[in-house]
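Below is one structure, written out as structure tokens, with a few remarks after it.
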Amino acid sequence: MRDYKSLNSSFSNSNKNSLPKKAFTLVIIIIILVGVTFLFDNFNTPNKQTIKVEQNSTNTENKEKIIIPLELPKQSFIKIQHKTPTQNIKTELTWRTHPIIEGDTLSSIFNKYQFSKKLLHNISTLNKDTRYLSRIKAGQIIAFLTSPKDKLLKLRYAINETNTLIIDIDKGSIASKIIKQTFEKRISHVSATISNSLFLSAHQAGLPDRLTMELADIFGWDIDFALDIRANDHFTVIFEELYSDGEKVKNGHILAAEFINDGKVFKAVRYMDHNNNIQYYTPNGKSLKKAFLRSPVKFSRISSKFTLKRWHPILHRFKSHKGVDYAASTGTPIKATGNGKIAFRGRKGGYGKTIVIEHGNQYSTLYAHLSRFSKARTGKRVKQGDTIGYVGKTGLATGPHLHYEFRVNNRHRNPLTIKLPKTRSIRKHYMTAFKNQTKNLLAQLEMYKKITVALK
């Protein structure tokens, strides 16, 4: 009996001692399982968060904190990325740039970008500004601003280096405007001595070809640049250069120039009068522009001069030649040498196809052996420099050339030597304004001339 009680007592004591250990072991196992579960869920489902829950054991003296994973709605987990305001923002409006190529028309370009024919018609017939779009040229640029649905909102067309056409389309309403670009003007100059030809010497000195042509036009009433140029002739030119954003865009006009031809000095200065008319004048205010051009055509040589006795190559007899023959290739444009009215246009015996222009009551000019006429008709008025026809060899002619006659009171005069009438000069009451506007340019012209002479 004692042994039984003793054994039972021993078992009860050992059981009492093992209960806390079992409870502790159970808690450890639970914590391990919960931890493994949390790690597994967190690894596979990133959209889970955990909430700490405090759970009390039955034994108020031993409190254990158990972490139970709870799955929250996915939209509550927001991934935040920090970006700059302009990063990865899609632009809703898009500019499309179209370089114009040979054969392009506004219609073909609209068809390429699938803009409506109605819109094309409305733009083309809007006003005189949009007529520039009918004269687009290869090498120019046209650009379109479109919506996300490719609807045309704006058109931009560079008419030239100075003017840009802008067309705005808003809910069926179309408006146009021409924006004129302003340039920074800088003054430049070139001086050179002619050793062979004007164009070659000017090119070697750095004068652009266009300005060389302008130089020849300025002094063309006094100097025949095909016949009168001599070695050691000298010129100085002051001209504008136009810049935009620090880069040169193009050359402007000649502001002042001096040309020394066979020892004779010619000077010119550009001046705008009170009516905004621009011409070139001498330093004394006399217009360089004459009522007539010295020659009506760009020619390679003079094949026959004005003479009262010349052997005719076709008639085979001596005959007076009361004009000048300018040899030039067939199709070379012929210009009216002065303002006037076409008095005759047609065939005229040995002259072949001929035009006669009357310049007031005193002067008239004749142009013969033309291959064809321009659009100017008999009775129509023409301006100095207008193309009236083209070089040919109609009538009694052995080769393509222009026969040109100059008549004063219906009497033939030598076109090469006659003193041409001048146009109106600066009036006396405008002379002070002319002097004030041109004196600085003339002073610069003289300074550059002295510098060039000193460097020789």
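The values are calculated or read from the model by the stated rules, or taken from the named source; none is laboratory data. Because the structure is a prediction, the values reported are computed rather than measured. Note: ideal-geometry Cβ built from the backbone for every residue, glycine included; neighbour counts use all protein chains shown.
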Over the range 234-283, the set of residues crowded, with 18+ Cβ neighbours inside 10 Å and among the hydroxyl-bearing types (Ser, Thr, Tyr) is THR236, TYR271, TYR280, TYR281
| request: Might you check whether a residue that is closer than 23 Å to VAL249 by Cβ and not charged (D, E, K, R) occurs anywhere in the range 112-132? | output: yes
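Criterion first (exposed (fewer than 15 other Cβ atoms within 10 Å of the Cβ) and either of a type in the set (Lys, Arg) or assigned by TED's automatic domain parsing to the domain that holds SER108 (or both)) does ASP129 satisfy it?
Working: exposed (fewer than 15 other Cβ atoms within 10 Å of the Cβ): no; either of a type in the set (Lys, Arg) or assigned by TED's automatic domain parsing to the domain that holds SER108 (or both): yes.
It is false that ASP129 is exposed (fewer than 15 other Cβ atoms within 10 Å of the Cβ) and either of a type in the set (Lys, Arg) or assigned by TED's automatic domain parsing to the domain that holds SER108 (or both).
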If you go through LEU293, LEU255, LEU315, the only one that is part of a loop (DSSP other than H, G, I, E, B), at pLDDT 80 or above and among the aliphatic types (A, V, I, L, M) is LEU293
For the range 227-250, check the following and say yes or no: at least one residue is in the same structural domain as VAL190 (by TED's automatic domain parsing), among the hydroxyl-bearing types (Ser, Thr, Tyr), in contact with an Asp or Glu (Cβ under 8 Å, 6 or more places away or on another chain) and over 22 Å from THR452 (Cα atoms).
yes
Filtering the range 188-233 down to residues that are part of a strand (DSSP E or B) and either in contact with a Leu (Cβ under 6 Å, 6 or more places away or on another chain) or exposed (fewer than 14 other Cβ atoms within 10 Å of the Cβ) (or both) yields VAL190
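Being loosely packed, with under 14 Cβ neighbours inside 10 Å, assigned to a strand (DSSP E or B) and outside the structural domain of HIS274 (by TED's automatic domain parsing) is true for just one of GLY346, GLY379, GLY389. Which residue is that? Spell out how you get there, then give the answer.
Numbers: GLY379 fails: assigned to a strand (DSSP E or B); GLY389 fails: loosely packed, with under 14 Cβ neighbours inside 10 Å.
Checking each option against the conditions leaves just GLY346.
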Residue hits (the range 323-364; under 41 Å from the mean Cα position of the chain (by Cα), over 17 Å from HIS401 (Cα atoms) and touching a residue at least 60 places away in the same chain (Cβ under 8 Å)) are HIS359
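Looking at LEU155, is it assigned to a strand (DSSP E or B) and in the same structural domain as ASP104 (by TED's automatic domain parsing)? I'd like the intermediate steps shown before the answer.
On the way: assigned to a strand (DSSP E or B): yes; in the same structural domain as ASP104 (by TED's automatic domain parsing): yes.
When the stated conditions are applied, LEU155 passes them.
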Taking the range 319-370 and keeping residues at pLDDT 95 or above and of a type in the set (Phe, Trp, Tyr) leaves PHE344, TYR367
Screening ARG407, ARG424 for residues that are part of a strand (DSSP E or B) and either within 35 Å of the chain's Cα centre (by Cα) or of a type in the set (Lys, Arg) (or both) leaves only ARG407
The residue that is farthest from the chain's Cα centre (by Cα), considering only those in the range 222-244 that are at pLDDT below 80 and not small (Gly, Ala, Ser), is LEU227
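Taking GLU161, is it among the charged types (D, E, K, R), under 30 Å from PHE110 (Cβ atoms) and touching a residue at least 60 places away in the same chain (Cβ under 8 Å)? Walk me through how you get there before you give the answer.
On the way: among the charged types (D, E, K, R): yes; under 30 Å from PHE110 (Cβ atoms): yes; touching a residue at least 60 places away in the same chain (Cβ under 8 Å): yes.
It is true that GLU161 is among the charged types (D, E, K, R), under 30 Å from PHE110 (Cβ atoms) and touching a residue at least 60 places away in the same chain (Cβ under 8 Å).
From the list SER197, SER108, SER176, SER116, which residue is assigned by TED's automatic domain parsing to the domain that holds ILE223 and either over 30 Å from ARG210 (Cα atoms) or in contact (Cβ under 8 Å) with a residue 12 or more places away in the chain (or both)? Step through it out loud before you land on a result.
Numbers: SER108 fails: assigned by TED's automatic domain parsing to the domain that holds ILE223; SER176 fails: assigned by TED's automatic domain parsing to the domain that holds ILE223; SER116 fails: assigned by TED's automatic domain parsing to the domain that holds ILE223.
It is SER197.
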From the option list ILE159, ILE141, ILE179, single residue qualifying as crowded, with 16+ Cβ neighbours inside 10 Å and within 30 Å of ILE123 (Cβ to Cβ) is ILE159
